[in-house]
Amino acid sequence: MKQHLNGFMEFVREQGVVGLAVGFILGAAVAKVVSSLVGDIINPLVGLMLGSSDGLKSANFKLGGATIAYGSFLANLLDFAIIAGVVYFGIKILGLDKLDMKKDKPAK
């Protein structure tokens, strides 16, 4: 049993599981902040530019019996682009892109 526990702890240290967990938690927090920025500030401004007083998400048009909610799609696309940019530049600025380099295997 002790051998399995030691193997598990080695796996956690070598594979960066703790870093992955921290990244997941921080990523969720960043996503909330960016979603609020997009939903509460940017969408209303873009919606006004498109002529919708209720914000971007209410921008839509009817096509036959269906409602095409292009505003909601654009809002989600904008949300994704900002989150992806924040994550990319955050990783580059902090130098975290070099942490998970593969380890050299010993020569046999």
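Rule-based calculations on the coordinates, nothing more; no lab input. All values derive from a computational prediction rather than experimental measurement. Because the Cβ atoms are built from the backbone with ideal geometry, glycine has one as well, and the counts that use them run over all protein chains shown.
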Q | Filter result (β-branched (V, I, T) and either more than 15 Å from V87 (Cα to Cα) or in contact with a helix residue (DSSP H, G or I) (Cβ under 7 Å, 6 or more places away or on another chain) (or both)) within region 1-25 | A | V12, V17, V18
Q) Would you pick out the residues in region 59-89 that are more than 17 Å from M49 (Cα to Cα) and in contact (Cβ under 8 Å) with a residue 12 or more places away in the chain? A) D79, I82, I83, V86, V87
